[in-house]
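Below: one structure, written as structure tokens.
Derivation of every value follows stated rules applied to the coordinates shown; laboratory data play no part. This structure is a prediction, so every number in the text was calculated from the model and none was measured. Quick reminder, even Gly has a Cβ in these numbers, built from the backbone with ideal geometry, and neighbours come from all protein chains shown.
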Amino acid sequence: MKKDKKELKKYALITGGSRGIGSAICIQLAKDTDYQILINYKGNIDAANRTLEQVIAAGGKGELLQFDVADENDVKTTLDTWHDSHKDAIVEVVVNNAGITKDGLFMWMKNEDWTNVINTSLHGFFNVTNHLIQKLLVHRYGRIINMVSVSGLKGTPGQTNYSAAKGAVIGATKALAQEVAKRNITVNAVAPGFIKTDMTSELDEKELKKLIPANRFGEAEEVAHVVSFLASKKASYITGEVININGGIYS
Ligand SMILES: NC(=O)c1ccc[n+]([C@@H]2O[C@H](COP(=O)([O-])OP(=O)(O)OC[C@H]3O[C@@H](n4cnc5c(N)ncnc54)[C@H](OP(=O)(O)O)[C@@H]3O)[C@@H](O)[C@H]2O)c1
């Protein structure tokens, strides 16, 4: 028997939801929407639990979902097991946020630093989204939001691997958006500049902010507001876009 859409419990999955931008997205979606929040993390269960506490404090519901986005089998097994125990659930919002950097000049770049960065951002996007897209197509509604970077648009020296990974995800965003638009599934990318998180904690903000017209690094919450808008019904006619959020360093 065909299930009525209204019976389904609706979830938003945020990869890399334990820390930084991903954590802020989990909390913002808990504040702004009725989605139950699936907080993915790779290894930092304490940080993931702190995000969950804040989701609950914001009036939301959530649960932790540990897997490595770069590991196809881990993604498949974990999501299949989760779906088996949540038969009445649909992951309606997918935020592909997990990402890493392994910076260095290209001439000295090790194969593993190239591969790990590509595997996390680009293959992570594939592993998670490819696994969930069939259900979204049947459901005829969904939101896919990919966290990219100014580096994927303009290229950043010392980040050839990261720029390649993010640039590739931008291409995938634009292609997939056109494939699934008829089913009311939007696919967009958000491209932050410098945002204050663990990823940028070693950078010299005092020096770098001279390059930023807004004269400061951004806050994770500022990125989360953009994601929350893209995840909402208000953003129904935006698809295949890259939204920059960078204080004016690139436009
Ligand atoms: N911060 C910036 O200035 C900036 C700028 C542009 C774009 N971005 C992008 O924004 C996203 C979030 O960055 P952030 O600054 O918030 O990073 P962060 O503070 O370093 O946090 C990274 C998050 O990703 C998770 N993660 C890493 N590898 C993973 C994997 N293989 N599987 C599952 N989860 C994984 C981490 O989980 P654990 O806690 O378990 O390690 C953590 O939750 C990334 O895609 C990044 O490239 C950041």
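Working only within segment 71-80, note down all residues that are near the ligand (Cβ under 10 Å from one of its atoms), touching a residue at least 40 places away in the same chain (Cβ under 8 Å) and surrounded by fewer than 20 Cβ atoms within 10 Å (Cβ to Cβ). Spell out how you get there, then give the answer.
Narrowing segment 71-80 to residues near the ligand (Cβ under 10 Å from one of its atoms): 71, 74-75.
With the extra rule that they be touching a residue at least 40 places away in the same chain (Cβ under 8 Å), the set shrinks to 71, 75.
Matches in segment 71-80: Asp71 only.
Would you mention how many residues in segment 223-236 are surrounded by fewer than 20 Cβ atoms within 10 Å (Cβ to Cβ) and closer than 15 Å to Asn97 by Cα?
Selection size over segment 223-236: 1.
Could you pull out the residue among Ile56, Ile27 that is more than 14 Å from Val94 (Cα to Cα), hydrophobic (A, V, I, L, M, F, W, C) and without any contact (Cβ under 8 Å) to a residue 40 or more places away in the chain?
Ile56
Pull up segment 33-55, narrow it to residues that are in a helix (DSSP H, G or I) and farther than 21 Å from Asp71 by Cβ, then point me to the one that is nearest to the chain's Cα centre (by Cα).
Taking the candidates together, the pick is Thr51.
Please determine, by comparing only the residues of segment 110-124 that are more than 20 Å from Lys174 (Cα to Cα) and part of a helix (DSSP H, G or I), which one is farthest from the ligand (Cβ to nearest atom). Quick ask: steps written out before the conclusion?
First, pick out the residues of segment 110-124 that are more than 20 Å from Lys174 (Cα to Cα): 110-117.
Of the ones still in play, those that are also part of a helix (DSSP H, G or I) are 111-117.
Working: Asn111: 18, Glu112: 14, Asp113: 14, Trp114: 15, Thr115: 12, Asn116: 9, Val117: 9 Å.
Looking at residues that are more than 20 Å from Lys174 (Cα to Cα) and part of a helix (DSSP H, G or I), I get Asn111.
Going through segment 7-22 one residue at a time, which ones are assigned to a helix (DSSP H, G or I) and near the ligand (Cβ under 6 Å from one of its atoms)?
Once the filter is applied, which keeps residues that are assigned to a helix (DSSP H, G or I) and near the ligand (Cβ under 6 Å from one of its atoms), segment 7-22 yields Gly20, Ile21, Gly22.
Could you check segment 103-145 and list, in sequence order, the residues that are farther than 26 Å from Asn184 by Cβ and without any contact (Cβ under 8 Å) to a residue 12 or more places away in the chain?
Result: Met107, Trp108, Lys110, Asn111, Glu112, Thr115.
Could you tell me whether segment 59-70 includes any residue that is out of contact with any helix residue (DSSP H, G or I) (no Cβ under 6 Å at 6 or more places or on another chain), away from the ligand (no atom under 14 Å from the Cβ) and outside any strand (DSSP E or B)?
Checked segment 59-70: at least one residue is out of contact with any helix residue (DSSP H, G or I) (no Cβ under 6 Å at 6 or more places or on another chain), away from the ligand (no atom under 14 Å from the Cβ) and outside any strand (DSSP E or B).
Can you tell me which residue in segment 83-102 is nearest to the ligand (Cβ to nearest atom), limited to those that are among the charged types (D, E, K, R) and under 23 Å from Phe126 (Cβ atoms)?
Lys102
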